[in-house]
Amino acid sequence: MTVDAEAFERCIACGGVAVFPADTVYGLACDPASTAAVARLYELKGRPPDKPAAVMFFTLERALAALPELGPRLHGALAALLPGAVTVLLPNPLARYPLACGPDPWTLGLRVPAPGPLAGVAVPVMQSSANRSGATDPRTLAELDPALREGADLVVDGGPLPGTPSTVVDLRGYEAGGSWSVLREGAVARDAIAAAL
C-alpha cells in the first residue's frame, strides 16, 4: 500500500474527511457509517443531507463481497462496467449504507474507480465531488475551494485529473428484466455503456 493510501485509510478510520483523487475529478470522502463524518462532509460542500452520495470501494471484489445479495445478472453488469468512471445505482433491499442513500434507502450509488494512488485502500468510503454544491468539479487541487481544502483533515495530491465526472447508470431494474438507463452522461459515453451491457 502506498503512503497516501495508508494515510487516507487512517483518516477515514478516525472519522476524518479527506480530499482525494478519483479517476475523474477530486472528491471528498468519509466513513459511510459515521454520522458525524457524513454531516461534516455535507457541511463542507454546503449540500443538503437529503441528497444521496455514492459509496466507493477501491476494488470490485470488495464491493461484491459487501453486497452479497446482488444477483448474477447484476454481478455480470458490474464486472463489465467497473472499475471505471461510472457510478451505478443499485437496488438496496437490505438498506445498506443508509447515510449515503438520502431519502431512498432502497437505492445505493456505487463507485469503483480505475486503479490509482489509493488502489490499496481496503475500506469503503462515502464520496462526493470536492466542490461547493453546484460549483465546478475540480480537476486539480489548485481549482479546489480554499475553504474545502482547509476544512478537510487530509488532502491527497494525485496531480491533474481528466475533469469529467462519472457517468451515472441506473441498474435498479437490470436483474429482473435487463433494463438500464443513463441518468448523467459523463466520462464514459452512453454507447460504451450499451456495448458493455
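Couple of notes before you dig in:
- Label-to-label distance, ALA80 versus GLU61, with points set 7 angstrom from Cα along the beta-carbon direction: 2.4 nm.
- Protein accessible area in the range 1-146, 1.4 Å probe - carbon and sulfur %: 60 percent
- Probe 1.4 Å, accessible area per residue of the range 85-197, Å²: 46 Å²
- Contact order relative to length of the range 34-185, as percent, for alpha carbon pairs under 8 angstrom and 6 or more apart: 28 percent
- P(r) of the range 25-87 over all Cα-Cα pairs, binned every 5 Å from zero, in whole percent: 3, 13, 24, 20, 15, 15, 8, 1
- Cα-based values for the chain, radius of gyration first and Dmax second, are 15.6, 47 Å.
- Here the simple spin-label model places points 7 Å from the Cα toward Cβ, and for ALA176 and ALA196 these points are separated by 2.4 nm.
The values are calculated or read from the model by the stated rules, or taken from the named source; none is laboratory data. As the structure is a computational prediction, the values presented were derived from the model and not from experiment. Note that we place each Cβ from the backbone using ideal geometry, even for glycine, and neighbour counts take in every protein chain shown. Keep in mind that these areas ignore ligands, DNA and RNA; they rest on the heavy atoms of the full protein, side chains included. Shrake-Rupley method; radii C 1.70, N 1.55, O 1.52, S 1.80 Å.
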